[in-house]
Amino acid sequence: MAGRARGSARALLAALLAPALLALLVSPARGRGGRGHGDWDAAMVPPLPPREDAARVARFVTHLCDWGALATVSSLEAVRGWPFADVLSLSDGPPGAGSGQPYFYLSPLQLTANNLQENSHATLTMSLAQTNFCRKHGFDPQSPLCAHIILSGTVTKVNETEVDFAKRSLFIRHPDMKTWPSSHNWFFAKLNITNIWVLDYFGGPKIVTPEEYYNVTFQ
């Protein structure tokens, strides 16, 4: 009898919680860095640049993205020397004021940071699949029409002259970072870009030089 009562109580509790859990799963996250890119005022988000202007598309993707997949060379004994990818939050500047320079907030406790200590070479991928752009147009994340870019280079710690901008760029778009435990010895880092590939249409990637990339200006 008591078992049936407990079972009924659990069923009732599940029925009461189900709508709330469903809302959490399907509703866009609130605040900066959320699934709806909550740090952007809708009026501030410009349209995708012309696809023939690959450098501008690359800067556009970098600035709109809040996170990317960073591939490093593994230092773990079990997979030493193998490609090793991880998702990292990032920012190239406050909304509407991007520099094109991807910044990260890293800790020596992260596997990625340990990999970079042995080999600083890395490749970063960012995609508009994390924004509303591809969902709105019905583009699959793997489709080249769902614009994404690949940046290769080396990851280094940010120096004192750049640390204030890196901090402001990251914390304004990822405010939770301010509360991360100081015991983890967080530090600011950046990707020094040497190679850029843009995939935003059929026919293969477009190559953009770092000079072309950084020379882009937005009105």
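The values are calculated or read from the model by the stated rules, or taken from the named source; none is laboratory data. Note that this is a predicted model, so its numbers are computed, not measured. Please note: Cβ atoms are built from the backbone with ideal geometry, for glycine as well, and neighbour counts cover all protein chains shown. With ligands, DNA and RNA removed, areas are computed over all heavy atoms of the protein, side chains included. Shrake-Rupley method; radii C 1.70, N 1.55, O 1.52, S 1.80 Å.
Data table
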read-out	value
Exposure ranking of His184, His137 by accessible area [1.4 Å probe, largest first]	His137, His184
Accessible heavy-atom area order of Lys136, Lys190, Lys157, Lys206, highest first, probe of 1.4 Å	Lys136, Lys157, Lys206, Lys190
Residues with amide H under 5 Å from that of Leu191, placed H, sequence gap 5 or more	none
Principal axis box of the range 110-219, alpha-carbon based, largest edge first, Å	46, 34, 29
Scattering curve values for the range 46-190, log₁₀ I(q)/I(0), Debye with Cα scatterers, q = 0.11 Å⁻¹	-0.44
Under 18 Å from the Cα of Lys136 - lysines, other chains or at least 8 residues apart	none
Separation in nanometres of the label points that stand 7 Å from Cα toward Cβ, at Asn185 and Arg80	2.2 nm
